1. Among 64, 73, which is the only one that is of a type outside the set (A, V, I, L, M), under 25 Å from residue 336 (Cα atoms), in contact with a strand residue (DSSP E or B) (Cβ under 8 Å, 6 or more places away or on another chain) and more than 16 Å from the ligand (Cβ to nearest atom)?
2. Which condition number in (1) closer than 23 Å to residue 36 by Cα; (2) surrounded by 21 or more Cβ atoms within 10 Å (Cβ to Cβ); (3) more than 14 Å from the ligand (Cβ to nearest atom); (4) not small (Gly, Ala, Ser) is the one that residue 302 fails?
3. Looking at the stretch 126-144, which of the residues that are without any contact (Cβ under 8 Å) to a residue 60 or more places away in the chain and within 15 Å of the ligand (Cβ to nearest atom) is nearest to residue 81 (Cα to Cα)?
4. Residues that are at pLDDT below 90 and over 20 Å from the mean Cα position of the chain (by Cα), at least 3 per element: which helices (runs of 4 or more DSSP H) completely within the stretch 171-274 meet that?
5. Looking at 346, 324, 330, which one is within 12 Å of the ligand (Cβ to nearest atom) and either under 21 Å from residue 160 (Cα atoms) or under 17 Å from the mean Cα position of the chain (by Cα) (or both)?
6. Would you mind stating whether residue 47 is charged (D, E, K, R) and under 25 Å from the mean Cα position of the chain (by Cα)?
7. Taking the conditions exactly as written (part of a helix (DSSP H, G or I), surrounded by fewer than 24 Cβ atoms within 10 Å (Cβ to Cβ) and within 16 Å of the ligand (Cβ to nearest atom)), does residue 313 satisfy them or not?
8. Would it be correct to say that residue 337 is surrounded by fewer than 24 Cβ atoms within 10 Å (Cβ to Cβ) and over 18 Å from residue 75 (Cα atoms)?
Amino acid sequence: MELERLLNLADVERAARRRLPAPVFDVIAGGAGDELTISANSLAFDEIKLRPRNLVDIAEVDTSTTVLGQRVSMPVLLGPAGYQRMAHRDAELAVARTAGKAGTAFALSTVSSYKLEDVAAEATGPKWFQLYFPPGGRSPEKVIRRAASAGFDALCVTIDTPTKGLRERDSRSNFSVPLRISPKLLAQTAIRPSWALDFVRGGVGRGTLGFNRKVLSMKEAGNALSSALRPVTEDDIRLVRELWDGPLVIKGVLRGDQAARLVDLGADGIVVSNHGGRQLDTATSTIEALPDVVEAVAGRTEVYLDGGVRRGTDVAKALALGARAVLIGRPYLYGLAVGGEAGVRRVLDIMQDETENALGLLGYTSVAEVERSCVVLPHERW
Ligand code: FNR
């Protein structure tokens, strides 16, 4: 695969669809219910129009910024995503390496295919640890201490998974590993041998939440995730705030009133997110939810956004509406599937180039210059 021929993130997604067995592609691409929130996340970006200010010398456009006080090369971070080994055997290790080389931050999911210490050892840039609470009511203290000693810079607690989203693509394909030989999977791996070989040959890694005998199987990952899913309460946030000294980010917020409450509870960052449309279907799109959250937080913490960010112009729109940075999910998993570390790098390079181009064409030479006035929202037209 010549990665340079993939010009944009839609190309990367198409290439991943060709490489991955359909059930695996669906685990990544799919969402809850009728997948209306997935569509809404992208559509809402498309419905915002841009108003360039010209007459500016844009010979030098600097896309760098800071998140939680750390310098990043662009306002595009890699969000947490579980069990990346289904995309590529190097999984989270490759993602950590690439984020560092590209100068941006990544978040490691609790449901990682490799041990958090091993992933941390590959990272050379800012790294966040995303926390799901351990199953069976166990305290998160141990995993939080491990994340701290491994040098994670921020802790990111995800609060939009009080229970499982109804992901019908996954129910239909009933995919599990060790490979259960179903006619569908057999047919799929026969036409996609490179994925099957890569998967079977994969090295031995370690999970995080205690299941560290070996690399997690898909089924174990699924079970671990379901048992880890539980409502996060305000008391949980207070507990985490006591256990973790560094910056605390809360992910999965769509309402200003809740964001304000979380800031009172000690959050240092809020991620406006609907989990990429994988949880509550018909939940509001994230770019629509952003202004309310930004207003409620009123500069007390940084606000980030994820969900449907696929273009540099989407990044510019989120910045204009008050986001400090955006996170991407599926696009880098597709990059990972297509080319491991080089594939993730391709995705980041595309986002870097597109963001630089969008800022320049809007008439800005830095992230800090982006103004609210460069976007027109649907209700503001005509
Ligand atoms: C996710 N996401 C996620 N979030 C989280 O906090 N912990 C996790 O373990 C996971 N796992 C996960 C797996 C897969 C396969 C996907 C696609 C997503 C959600 C993720 O962090 C992010 O919110 C969305 O992916 C953002 O939307 P886009 O960029 O995929 O549209």
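1. 64
2. For residue 302, the exception is condition (1).
3. It comes out as 129.
4. 183-191, 193-201, 218-228
5. 330
6. It is true that residue 47 is charged (D, E, K, R) and under 25 Å from the mean Cα position of the chain (by Cα).
7. yes
8. Taking the combined requirement at face value, the residue does not satisfy it.
The values are calculated or read from the model by the stated rules, or taken from the named source; none is laboratory data. Since this is a predicted model, take the numbers as computed values, not measurements. Neighbour counts are summed over all protein chains in view; Cβ atoms, including those assigned to glycine, are modelled from backbone coordinates with ideal geometry.
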